[in-house]
1. Does L64 satisfy the condition of being over 19 Å from L40 (Cα atoms) and assigned by TED's automatic domain parsing to the domain that holds W31?
2. Any idea which of G72, G51 is modelled with pLDDT under 80 and out of contact with any strand residue (DSSP E or B) (no Cβ under 7 Å at 6 or more places or on another chain)?
3. Go through region 77-95 and give me each residue that's exposed (fewer than 10 other Cβ atoms within 10 Å of the Cβ), under 28 Å from A163 (Cβ atoms) and at pLDDT 70 or above.
4. List pairs: first residue in region 3-28 and in the same structural domain as G58 (by TED's automatic domain parsing) and closer than 17 Å to L65 by Cβ, second residue at pLDDT 85 or above and among the hydroxyl-bearing types (S, T, Y) anywhere in the structure, Cβ distance under 6 angstrom, at least six positions apart or on different chains.
5. Across region 122-151, which residue is farthest from V100 (Cα to Cα) among those that are modelled with pLDDT under 85 and β-branched (V, I, T)?
6. Of the conditions (1) in contact (Cβ under 8 Å) with a residue 40 or more places away in the chain; (2) aliphatic (A, V, I, L, M); (3) surrounded by 15 or more Cβ atoms within 10 Å (Cβ to Cβ), I133 satisfies every one except a single condition; which number is it?
7. Consider T152 against the criteria (1) touching a residue at least 24 places away in the same chain (Cβ under 8 Å); (2) over 21 Å from the mean Cα position of the chain (by Cα): it satisfies all of them except one. Which criterion is unmet?
8. Identify the residue in region 9-33 that is within 15 Å of P132 (Cα to Cα) and hydroxyl-bearing (S, T, Y) and, among all such residues, is modelled with the highest pLDDT.
Amino acid sequence: MGIKISIAATQVLVSYLAVLYFTDFSLVGFWTDIICVLLLTVSSFLLAFNGRIEKSFGVLLWRLLNMALAVGVMGYLGMKLFDPITWDTFKLRSFYYQEVDGRLFNAYFKPVGAYAGGEGNLWITETPTMFPIMERQVYYKAGVLHDFASDTFDGQPIDNYAAIRGVIENEVIR
């Protein structure tokens, strides 16, 4: 029974990683994918090394493959943690659930500074109304000229939600 649960947990982890890597789908929110991958990796690793599982060649091979998967995922996330461009992600600005024409959209803005030619990167995802925990990227633009991280321009307040709504109406829903 224990090996079946371990195999199922690892298959869920590998399937989830494949969906993230090969498609435009992810969980709603930027950090939820990272947290979910960490939780799935740790639980899959712990289940593979559960002491109640018999010790045969297949099980030992399964544990070795699971260890390699855990080291690979943790190593990748660890390397990304020391990447200076990744630290810009902590400045991420999100505009959750902008409803336009009965459809739900999320917008994310990451300021990149002067080295990228523009104020930052903007991407918009659409969330299905019947399954609101998933989202699909529908628009991406690097080097946008509007700074969505700031709420003022020349001392005047800016409604960034209205600006995002305009981008959704003009660029996504034409």
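1. It is false that L64 is over 19 Å from L40 (Cα atoms) and assigned by TED's automatic domain parsing to the domain that holds W31.
2. G51
3. Hits for region 77-95: nothing passes.
4. Final answer for the pair search is A9/S43; A9/S44; T10/S44; L13/S44.
5. Going through the qualifying residues, I end up with V144.
6. (3)
7. Here T152 clears every test but (1).
8. Top of the filtered list is S26.
The values are calculated or read from the model by the stated rules, or taken from the named source; none is laboratory data. These numbers were taken from a predicted model, which means no experiment stands behind them. As a convention, Cβ positions derive from the backbone with ideal geometry for all residues, glycine included, and neighbour counts pool all protein chains shown.
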